[in-house]
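Student: Before we start, here is the structure in question, set down as structure tokens.
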Amino acid sequence: MDPRTTPAFLRGMTQSRSVTRRDAFRLAGLSAAGLALSACGVQGKKAAPPKKDAVADYWASKKKNGTLRFANWPLYIDKDGKKYPSLELFTADTGIQVTYAEAIQEMPAFFGKIQPQLAAGNDIGHDLMVLTNSIQLNRAIALGYLVPLDHSKLPNFAANAGARFKNPVWDPGNTYTVPWAGGITGIAYNPKYVDEVTSIEDLWNPKYKGKVGMMSDTQEVANFGLFALGIDPDKSTEADWRKAGDKLRQQRDAGLVRKYYENDYVDALVRGDVWITMAWSGDVFQQVAEGKDLRFVVPAEGGTIWTDNMCIPKTAQNPVDALTLMDYVYQPKIAAMLVEYINYIAPVPATKDILAAKAATEKGEDKEFLEQVAASPMIYPSDADMAKLRSYKVLSPAEEKVFEDIFQPITQG
């Protein structure tokens with residue numbers, strides 16, 4: 001059986017993708033980010049938002065070249081195109097040849113590699129890249145390393161992107177980015193040991209002492225401390241962070257937390273080492289698709305939504321070609337190929353009906369898998385869940401150190 005042409009839950013490679021995804025969050029923690037940035041000598045003032053005519057001025061002289069260099073995460077597209085030929089269709093429809101590289105293994109390392117080149121105005125070897133909404137992406141925007149997008153050339157994005165994927169707090173108006181895929185940080189639990197979870201306070205329940213999993217990433221754990229206090233991370237202040245830090249320390253000091261996990265919490269949940277844990281939606285979906293009996297919920301107080309975002313570096317040699325692909329993948333039929341392969345949240349809601357219709361034409365394991373994808377609230381969250389989701393706090397450089405000093409000792413102490 002060719003592993004590149006079987007459903008994702010049978011391919012045996014979803015775990016590799018989720019490990020990469022989890023490592024990205026772990027290594028995008030504030031201390032790692034600080035090390036990566038300081039090592040590269042990041043300097044400079046924050047870039048002001050582009051002037052009204054800056055977009056027109058940049059794009060006026062740019063032409064399609066017929067070639068594109070695309071940097072992405074591993075297992076984020078069927079690069080061989082044997083079952084999901086999205087890149088092949090793009091080339092056939094546009095004439096643009098794509099050189100595709102799985103060049104991004106972790107955010108700090110990738111940003112640390114390209115930052116000196118971007119600062120010097122040198123070509124980084126990529127015209128399009130996919131960056132997580134993180135400290136690194138915030139820095140790239142603030143330091144003027146990304147090209148402002150010409151939204152007149154993004155009609156598919158305008159027509160087909162879900163409302164929750166437009167106008168994010170870290171990039172108002174999608175000035176520099178549009179999403180590739182997304183995910184949710186919520187709560188997963190093993191129903192063998194836990195009857196039901198509805199509230200974030202269940203992570204503080206004494207009856208689960210020593211059986212609670214929390215994430216070691218400071219942005220992730222901070223959000224849950226804030227949610228537990230009814231605070232929107234987007235609007236939080238330093239005083240709020242300190243209150244959330246106290247809440248999280250109480251949980252730790254009471255012996256509730258078995259471990260602050262990096263990338264192995266799902267295995268611990270399946271084994272029963274932990275009964276309830278912070279979790280990423282894609283990880284849990286993949287385990288459920290493989291037959292594991294786990295549950296995933298967005299607690300009443302809120303959960304975190306994150307996205308991996310397409311953006312164009314300012315040194316791109318083929319920006320028109322990059323912009324063309326950014327819009328191309330927002331066609332529902334192409335977006336459906338991607339979500340079927342990736343198994344994370346699709347920024348195009350219409351893909352749900354496409355996959356459900358495709359499931360009706362399939363048989364056996366393919367049919368079962370497509371039905372799972374189309375019906376999963378981990379891939380297609382309900383409106384009620386979406387209303388509870390928030391992003392990470394966008395931190396200024398001065399705020400980063402304060403934030404880190406509050407939350408890092410909790411998970412590493």
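The values are calculated or read from the model by the stated rules, or taken from the named source; none is laboratory data. Fair warning: this is a prediction, and the values are worked out from it, not measured in the lab. Cβ placement follows ideal geometry from the backbone for every residue including glycine, while neighbour counts extend to all protein chains displayed. Areas reflect the complete protein model, heavy atoms only, side chains present, ligands, DNA and RNA absent. Shrake-Rupley method; radii C 1.70, N 1.55, O 1.52, S 1.80 Å.
Student: Report, ordered by the first and then the second residue, all pairs with beta carbons closer than 8 Å, sequence separation of six or more or different chains, a first member in the stretch 74-102 that is over 14 Å from Asp321 (Cα atoms), and a second member that is in a helix (DSSP H, G or I) and of a type in the set (Asp, Glu).
Tutor: Between residues of the stretch 74-102 that are over 14 Å from Asp321 (Cα atoms) and residues that are in a helix (DSSP H, G or I) and of a type in the set (Asp, Glu), the close pairs are Gly81/Glu88; Tyr84/Glu340.
Student: Additional query: For the condition more than 24 Å from Ser391 (Cα to Cα) and in a loop (DSSP other than H, G, I, E, B), what is the one hit in Lys292, Lys207?
Tutor: Exactly one of Lys292, Lys207 is more than 24 Å from Ser391 (Cα to Cα) and in a loop (DSSP other than H, G, I, E, B), namely Lys292.
Student: Please enumerate the residues belonging to the stretch 333-383 that are of a type outside the set (A, V, I, L, M), free of Cβ contacts under 8 Å to residues at least 40 places away in the same chain and open to solvent by less than 10 Å² (accessible area, probe 1.4 Å).
Tutor: Residue satisfying the conditions is Thr351 alone.
Student: Also, I was wondering about something else. Which condition number in (1) on the phi > 0 side of the Ramachandran plot; (2) buried (at least 20 other Cβ atoms within 10 Å of the Cβ); (3) not hydrophobic (A, V, I, L, M, F, W, C) is the one that Gly210 fails?
Tutor: Among (1) on the phi > 0 side of the Ramachandran plot; (2) buried (at least 20 other Cβ atoms within 10 Å of the Cβ); (3) not hydrophobic (A, V, I, L, M, F, W, C), Gly210 violates only (2).
Student: Among the numbered conditions (1) modelled with pLDDT under 95; (2) not in a strand (DSSP E or B), tell me where Gly173 comes up short.
Tutor: It fails just one condition, (1).
Student: Report, by residue number, each residue of the stretch 187-198 that is open to solvent by less than 30 Å² (accessible area, probe 1.4 Å) and either more than 18 Å from Gly302 (Cβ to Cβ) or free of Cβ contacts under 8 Å to residues at least 40 places away in the same chain (or both).
Tutor: Those that are open to solvent by less than 30 Å² (accessible area, probe 1.4 Å) and either more than 18 Å from Gly302 (Cβ to Cβ) or free of Cβ contacts under 8 Å to residues at least 40 places away in the same chain (or both): Asn190, Val194.
Student: Hey, could you check the stretch 156-165 for residues that are more than 11 Å from Thr307 (Cα to Cα) and touching a helix residue (DSSP H, G or I) at 6+ places or on another chain (Cβ under 8 Å) and say which is most open to solvent (accessible area, probe 1.4 Å)?
Tutor: Only one residue fits best here, namely Ala158.
Student: Please work out if Leu128 is open to solvent by less than 10 Å² (accessible area, probe 1.4 Å) and either modelled with pLDDT of 95 or more or of a type outside the set (A, V, I, L, M, F, W, C) (or both).
Tutor: Taking the combined requirement at face value, the residue satisfies it.
Student: I'm told Thr237 meets every condition in (1) closer than 26 Å to Gln105 by Cβ; (2) of a type in the set (S, T, N, Q); (3) open to solvent by 40 Å² or more (accessible area, probe 1.4 Å) except one. Can you identify the failing condition by its number?
Tutor: Among (1) closer than 26 Å to Gln105 by Cβ; (2) of a type in the set (S, T, N, Q); (3) open to solvent by 40 Å² or more (accessible area, probe 1.4 Å), Thr237 violates only (1).
Student: Same structure, new question: Glu201 passes all but one of (1) acidic (Asp, Glu); (2) open to solvent by 70 Å² or more (accessible area, probe 1.4 Å); (3) in contact with a Lys or Arg (Cβ under 9 Å, 6 or more places away or on another chain); (4) in a helix (DSSP H, G or I); which number fails?
Tutor: Of the numbered conditions (1) acidic (Asp, Glu); (2) open to solvent by 70 Å² or more (accessible area, probe 1.4 Å); (3) in contact with a Lys or Arg (Cβ under 9 Å, 6 or more places away or on another chain); (4) in a helix (DSSP H, G or I), the odd one out for Glu201 is (3).
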